[in-house]
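First comes the structure, then the notes that go with it.
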Amino acid sequence: MRKSLVNHLKWWAGAKSAPSKSEWLQTYWPGEDFVASRVRAGITVFKTLKHPFFYKPDPLFGWGAKTESRVDTYTIPNSRHSLLLREPHVHELAAALSQKLSHVRSQQDPVLDNERKVKMLEAISAP
C-alpha cells in the first residue's frame, strides 16, 4: 500500500523517477490532454459520504464534463464505496435507484415514448 501511494504521488508530481503507468492506471487517471466525449443525456451519480483523499474535489465527480444535460448526485448514507454492493448498503442503493427510476418514469411523455418505440421497431424491421 505504501509503495502504491508513493508511486501515485510521483505520477501526480510528474517526477522522472515515477514508474510507467499501467494500462489500467492510464484509463482510470488519463492525462491532462484527455477530452471526454459528451452525451445528450442526464447522468445520475450515486455516491458515498466519504471518499479517498486522492479524489479531486469535484461535486460532480468529473461527470459534468461528460454531458450536455444535468448531473444529479444522490448520497447513500452510512455507506463506504467498497461496501456499496454488499448488505446492508445495497438496500439503500437499491432504494435510491428505485426512487430515481420512478421519478424518470413520471417525467416521460407517453406520446413521445410511444413514437420512439415505433421508430425503433421500424428501424429494426427495415430491410
Among (1) modelled with pLDDT of 80 or more; (2) not in a strand (DSSP E or B), which single condition is Thr44 missing?
(2)
Could you please let me know if Ala65 is within 30 Å of Ala13 (Cβ to Cβ), of a type in the set (A, V, I, L, M, F, W, C) and assigned to a helix (DSSP H, G or I)?
yes
Looking across region 42-74 at residues that are under 28 Å from Ser4 (Cβ atoms) and of a type in the set (Phe, Trp, Tyr), the single one that is surrounded by the fewest Cβ atoms within 10 Å (Cβ to Cβ) is Phe53
Among (1) assigned to a helix (DSSP H, G or I); (2) modelled with pLDDT of 85 or more; (3) under 26 Å from His8 (Cβ atoms) - the single one Leu93 does not satisfy:
(3)
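The values are calculated or read from the model by the stated rules, or taken from the named source; none is laboratory data. In this text the structure is predicted, and so the values were computed from the model without any measurement. Don't worry about glycine lacking a Cβ; one is built from the backbone with ideal geometry, like all the others, and counts go over all protein chains shown.
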